[in-house]
Structures are given as structure tokens and as C-alpha cells.
1. On the given criteria, is residue 222 part of a loop (DSSP other than H, G, I, E, B) and farther than 25 Å from residue 324 by Cα?
2. Give the residues of segment 236-256 that are of a type in the set (Ser, Thr, Tyr) and surrounded by fewer than 18 Cβ atoms within 10 Å (Cβ to Cβ), sorted by residue number.
3. Could you please find all residues in segment 274-297 being in contact with a Ser or Thr (Cβ under 9 Å, 6 or more places away or on another chain), closer than 14 Å to residue 79 by Cα and either modelled with pLDDT under 95 or of a type outside the set (A, V, I, L, M) (or both)?
4. What is the number of the single condition among (1) closer than 23 Å to residue 64 by Cα; (2) under 15 Å from the mean Cα position of the chain (by Cα) that residue 386 does not meet?
5. Considering only residues that are among the hydrophobic types (A, V, I, L, M, F, W, C) and not in a loop (DSSP other than H, G, I, E, B), which ones fall in segment 313-331?
6. Mind counting the residues in segment 357-384 that are surrounded by 22 or more Cβ atoms within 10 Å (Cβ to Cβ) and of a type outside the set (D, E, K, R)?
7. Quick check on segment 9-57: of everything there that is in a loop (DSSP other than H, G, I, E, B) and touching a strand residue (DSSP E or B) at 6+ places or on another chain (Cβ under 7 Å), which residue is farthest from residue 380 (Cα to Cα)?
8. Just to be sure before I move on: is residue 234 part of a loop (DSSP other than H, G, I, E, B), among the acidic types (Asp, Glu), closer than 30 Å to residue 122 by Cβ and within 19 Å of the chain's Cα centre (by Cα) in the structure I sent?
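The values are calculated or read from the model by the stated rules, or taken from the named source; none is laboratory data. Quick caveat: nothing in here was measured; it's all calculated off a predicted structure. FYI the Cβ positions are ideal-geometry reconstructions off the backbone, even for glycines, and counts take in every protein chain you see.
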Amino acid sequence: MSENVPIEGTCQPRFQSVRKAFAENFASRGEVGAAAAVTLDGKPVVDLWGGFADVAKTTAWTRDTLVNVFSTTKGLTAMCAHRLVEQRKLDLDAPVAKYWPEFAQAGKQNLPVRYLLSHRAGLPAIRKPLPTKALFSWETMTAALAEQDPWWEPGTRHGYHALTFGWLVGEVVRRISGKSLGTYFRDEIAAPLGLDCHIGLDQKHDARVASIIPAPLPAPGEPNPFLEMMKDPESVAAKTMMNPPDLIAPRTVNSREWRGAEIPAANGHTTARALARVYGALSRGGEVDGVRILTPPSIERCYTEQSCGADAVLTIPMRFSLGFILSQPLPGSSLGPNPQMFGHPGAGGSIGLADPDTKIGIGYTMNKMGAGLLIDSRAEALIKAVYESLD
């Protein structure tokens, strides 16, 4: 228990229930270090942080603590693709091979770009065994994906592209823009909005990065979805999560190699404040403080369903738009009360979220990982408190 963890930052009186829920995460939900932020119509109304940035609980989580947010990074990557679409440099219905000729191998010559963003490409994993270090080589991973034959007929089903999403979408962005995904995101989105948000983190920031703390193992008899995935090492689920090996082991994700690489599905390092600001911009038509990231038609594509039903990798029902997760049909998997909400959670609990109905943007970051597959109980409590504050 951590009942006496000081909570720092600001919170408008209307949103005091969010502050209360944030404190309760430390007191009763196992939080170690975290931050939560909310914007309303582009203005910050909640900006809180507390706890510790390290396992030993000797380093305080500060206003500018960065942390890896795993798949929350996918939403940032998707924003880059949507920006190219509205600049008419990327056609969602064009073959990927139009931009990336080598991708035409293994019968993929007609596979459209939209399948990459909606997890329908049939490329969630690479069959041939890869060494751990391949994770940090852009050329190795994109070449392997260009060679890979789809696990199912593209477009006929969907399956979560947990790691490959970033290299697939990122290589299309690179071929069109001439910039790596991390550089494009920095130049086109992060820098204009003043976001402390990075895909490929410079070593100069290492001192303010929180250490990822693994989730506790489920108690005997409790469900363990990841263990179930690993039962067949040759299955698409096992290959998705374990090839290359040690994908999310603490020694990997807390390393300089991981932080410095560009892994656009999983290694964004950010603050909750930055997530709330960028999603807050999308919640109000794509513009904030005179900086436009996307236009309303692009934002409509962000919450328009593309995939729904049993996921071929996660084996649970999932709903995706073009690069974002939507509210799910499972209990405890709703993003919130409104139908146009979209965003992306990350393994362990982090989330970035936009709600065009209320012009709300939400960001939550933490270093103690939870064991759930979708919306963590800590994030769920914060989101619930946000909407209680609006009533």
C-alpha cells in the first residue's frame, strides 16, 4: 500500500474526482509512479503526477518524467499516416507496394495500405526465427516483413499486429516522406505542438526516464492470457509476442538500445501531458493553439470502424479503426461513454484518448505494469472520474 504518496500538479476544482481517483490508484491499485492529464477544448484541466520512477522507490516521479508507453505509441504512428493521407501523399486504398516495391513479394502485390492500419494485413508475426538484436534493426525487420507471406488472406480477418504494425506503417511513411517515422512524428506533430514525446529517444533524456516494472504473475488459478498464447510456439500468437525473443522483458525495455531505437508500435517515451495535448487537439477538430495536426475528415477516419470481431492473435473480440482502438464489446473494455471515442492503450496500462463529443483529451502514463490485455483498472478509474466531473 502507498496511501501517503504525495500527489503533485494542478487540477481544476471541477475535476477533483480525477485527483481522488489518481490518489486511489496508489492507495489500492498498486501504482508505483504515474501521471495523468486531461484537456478540455484544448485547455489543460488536469495535470497530475506522483510516486516513484524506479523500482527501489528512491527517485521521485517529477513533472517531466518520461516513460515507455508500449502500444500507446501506435496511435502516434497512426497520426503520421493520417497526416500523409490528408496531404494527398498517401492513398489508403493503393497497394502498399506502390510506395514500398519490395513489399510485393509473397503474393502481397495488391495488399492495400488500409489493411496495415486496421490489422487486416495478415502480417502480425514473422515465421522465421529472428535474434533479439533484430528488434533494433529497422532494415532487418522491414526486409523480413517484405518477404513474409500473410498468415491469412489479407482482408478476410483481423489480428493484432502488436509489433509489426510500427514497421509496416513506419516504412510506408519513410518511403513517402524520406524521414524515419520518429523523425517525421517529431517534425510534423511533436515539435509544432510542443510535445515532450519521442519515438527514438536521445540519450540526453535517459536521466528522466522511469524504469518499467513488470506486472506480477497471476495467482494460481487466475487466467494468464499470455501463457495461453505461448502454449504453441509456432502459432501466430506466440510468434507475434516472442519473435524476436525478449520483446518486453525488463532488461530489454529498460535498455539504452530499446530507448534509442525507433520501434513505432511499442517504444514511444512520453509524458501524460503530451498525450492529453495531442489527443485533445484531435478531439476538437485537429487544431489547438493555432497548430493544426489533422482536419475533421481525417479525424472521422480515426473513429470509423474497420475491423470488429474475434481477433486472430488475441483471440478475444476487438474493434479497430484506421490505427486506433475503439471501445470494445468485452466488459471493462470501454474507452468511455461516447460513440466517437478513439485512442490507444499500451501494455501495462498507459493510454491516450480523444473524445470528439466532449472535446476531451486524456493521457495516462505509469511504470508499474498491469496484467490486463486492454484497459487497465487504473486508467478505467481515471476515465470514469473524468466523465463524472462533466455531469
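1. Numbers: part of a loop (DSSP other than H, G, I, E, B): yes; farther than 25 Å from residue 324 by Cα: yes.
Criteria met by residue 222.
2. So in segment 236-256, the residues of a type in the set (Ser, Thr, Tyr) come out as 240, 252, 255.
Result: 255, single match.
3. Correct list: 277, 279, 280, 283, 285, 286, 287.
4. Evaluating residue 386 over (1) closer than 23 Å to residue 64 by Cα; (2) under 15 Å from the mean Cα position of the chain (by Cα) leaves (2) as the failure.
5. We begin by selecting, within segment 313-331, every residue among the hydrophobic types (A, V, I, L, M, F, W, C); these are 313-314, 316, 318, 320, 322, 324-326, 330.
Scanning segment 313-331 gives 318, 320, 325.
6. The number of residues fulfilling the criteria is 13.
7. Within segment 9-57, the subset in a loop (DSSP other than H, G, I, E, B) is 12, 29-32, 41-42, 53-57.
Next, only the ones that are touching a strand residue (DSSP E or B) at 6+ places or on another chain (Cβ under 7 Å) stay: 12, 30-32, 42, 53, 55.
Numbers: 12: 20, 30: 14, 31: 13, 32: 17, 42: 22, 53: 22, 55: 24 Å.
Only one residue tops the list, namely 55.
8. Details: part of a loop (DSSP other than H, G, I, E, B): yes; among the acidic types (Asp, Glu): yes; closer than 30 Å to residue 122 by Cβ: yes; within 19 Å of the chain's Cα centre (by Cα): no.
The answer is no for residue 234.
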